């Protein structure tokens, strides 16, 4: 058995509403990777992931299925999760042990309630999401409208990587704006024909390519700024009983953020930091400006984080009496 390095392994959760095509996608991935010699079908009760009698009887997944494929020298560990809200625990469990989520959408329906529920779970656990619009050959599929739906709900961070030249029964071509190539599918199970983008699609593809590059550069800048800000913070602050007492005396709750001050400390340069805890007691918070958990402070109060005074918005400072 081949030994993989950590950077050669990717753990992925397949999410999506009932009937979005997760099990069928699983069959295609296994087939394209050479794990199986032919694709199974849900109607024929011979898919790899839906092998329990109850799943074959009802025609949808009830349990999560773990499988793996090798692609381009990388090992992809994939968990095919049930789409029904009745089995949401399986999706949550999968997200806790995976790096990325692939969230499938039905081409004819677009964003559904189940889509939003699954995305909420990924946000809660801080997992990146790849939206995959499936069933592009459906005559009611409107890809551009689905992209607009996603952007209106989740904002400009939604950026297409591929788009179909046309949808419906004649669908067989994709434009890849990352590679800047056209992919043409000529037959069942055949690799796509890679061609240059035709002139009729080039301007659109170029605009989407630039948008994708800009978003990637913006994300890289944000990660660099986070790393620099974290490096500048003191690795250890000695929190005295007096500091703790000052924090308790000034303990304040805000209605909109639910934040508490539990201590105040200074580094060797005299810079003041606030030991802050949110009222729901989690170490990770949506509150902008919280950088990392103070290990020195954890011995006194759990789930507290170190926040520079300048990182607290003026409105919140006023409410907290800072």
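Summary table below
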{"item": "Cα-only Debye scattering, the stretch 63-143: base-10 log of I(q)/I(0) at q = 0.12, 0.13, 0.18, 0.19 Å⁻¹", "result": "-0.39, -0.45, -0.83, -0.91"}
{"item": "Computed over the stretch 159-227: relative contact order in percent, which uses C-alpha pairs under 8 Å that are six or more apart", "result": "26 percent"}
{"item": "Shape call, the stretch 21-159: gyration tensor on alpha carbons, a/c limit 1.5", "result": "rounded"}
{"item": "Kirkwood Rh (inverse of mean 1/r, distinct Cα pairs), the stretch 159-227, angstrom", "result": "13.4 Å"}
{"item": "Value of relative contact order over the stretch 1-130, rounded to a whole percent, pairs C-alpha under 8 Å and six or more apart", "result": "32 percent"}
{"item": "Neighbour-count ranking [beta-carbon atoms within 10 angstrom, fewest first] of 152, 20", "result": "152, 20"}
{"item": "Convex hull of the stretch 1-94 built on C-alpha atoms - directionally averaged projected area, nm²", "result": "6.5 nm²"}
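None of the figures in this text is laboratory data; all of them are computed from the coordinates on show. Quick caveat: nothing in here was measured; it's all calculated off a predicted structure. As a convention, Cβ positions derive from the backbone with ideal geometry for all residues, glycine included, and neighbour counts pool all protein chains shown.
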